1. Run the paramagnetic zone check for Ala133: 7 angstrom along Cα to Cβ, then residues of the range 29-56 with backbone nitrogen under 19 Å.
2. What nm distance separates the two modelled labels at Asp254 and Gln52, each placed 7 Å from Cα along Cα→Cβ?
3. Under the definition of Cα pairs under 8 Å and six or more residues apart, what whole-number percent is the relative contact order of the chain?
4. Where nothing but the Cβ of Lys and Arg (+1) and of Asp and Glu (-1) is charged, how large is the charge dipole of the chain around its Cα centre, in debye to the nearest 20?
5. Taking Cα atoms, how many degrees apart are the long axis of helix 306-327 and the longest axis of the chain, rounded to 10 and kept between 0 and 90?
6. Hey, fewest Cβ within 10 Å first, where do Cys134, Cys101, Cys125 land in order?
7. Name the residue from Ile84, Val72, Pro207 whose Cα lies farthest towards the positive end of the charge dipole of the range 13-327, charges +1 on Cβ of Lys and Arg and -1 on Cβ of Asp and Glu.
8. Evaluate E = 1/(1 + (r/R0)^6) for Leu43 and Asp280, where r is the Cβ-Cβ distance and R0 equals 35 Å; express this FRET efficiency to the nearest 0.05.
Amino acid sequence: MDRGGDVRSPPFVYARPESSDEAATAARAGALALAGGTDALVLLRLGLARAQGVLDLKPLGWREIEVKSGGVLELGALATMAEIASSALVREGVQTLALVCGRVATPQIRNVATLGGNLLQAPRCPYYRGGFACMRTPGGAGCPPQDQGGDARHLGIFPGACVAAHPSDVAVVLVALGAGVVTTRRTIAVEELHRAPDGPADTILEPGELVTKVLVPMSAGTSAYARVADRASFAFALAAAAVRLKTRQGRIADVRIALGGLAPRPIRARAAEDALTGADPADRAALDRAADAALDGARPLPGAEYKLQLARVLVVRAIEDAARSEAG
């Protein structure tokens, strides 16, 4: 019977590469990189990811957890949240990272969710994931909560083309720690990995570029992470703050601050760092000024105003916790 031509869809390919080069070639051809699959498969089911097939990265290994020369912790991109959380090297060298990985989602998810996958999650937005056309969806444009109003309680509070909230606690901590990702092409600071959104792409990774490992400095001072979510387990942060600092003679000599849950990517709060450098960590007024500086420029949509005060409190709490660890 004449069906008017062959209208069959091209076959959906499942590939298991044996080398990084083979994986990169398949990714450039349109295959979706798959590790634990806890977010990628959801995006496929929702029709928010388009792919000619999936690229199973597990045969490549990339699960090392090692300390390299110079005190750098090297974590393979396919190391799971559970493996990182339970690693003695991570717990002893960067305890905050181990604690955060140990609180991701549920034990079942931590056993399969990978470090690389966690960093590369798509931002969370009930409109984007709920079937509304927007700048992130194929052929879509605009931002429904900004253009049409609606429920913004769980969205970001910094103005931009998109007000989704990036879901990764781990990414926020890694920004504060000054970590970098190694890809099949280059090394990128984690704070530069996620881009200010103006379309579907969430990162600066190029087609076929895969994250292979994460490098974390271990001699960067003490760190702390504070977050608030609707539930203690299996809930994304409404707001979060990560701090890494060093003190000298009772004053803050070096500090990095990152915010989470407030934008489509983790935010490096440089103005807050400048306000805090040289301050006494016990000076609450100085900490409050730093928290205000971290939130300068925030413009929450109606319903999300509470995140301003919540984030301020978390910035102060994280600074105090990091300073307490430094003193102890």
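Values quoted throughout were computed directly from the atomic coordinates according to the rules given, and no laboratory measurement underlies them. Computed from a predicted structure; not experimentally measured. Cβ sites come from the backbone with ideal geometry, for glycine too, and all protein chains shown count toward neighbours.
1. It comes to 46-50, nothing else.
2. About 4.6 nm, to one decimal.
3. On the way: 701 pairs, mean separation 51.6, N = 328.
Result for the chain is 16 percent.
4. On the way: 37 positive and 34 negative charges, 71 e Å.
For this selection, approximately 340 debye.
5. Rounded to the nearest ten degrees, it is 60.
6. On the way: Cys134 20, Cys101 26, Cys125 23.
Taking fewest neighbouring Cβ atoms as first place, the list is Cys134, Cys125, Cys101.
7. After comparing all options, I get Ile84.
8. Values: r = 47 Å, r/R0 = 1.33.
Between Leu43 and Asp280 the formula returns 0.15.
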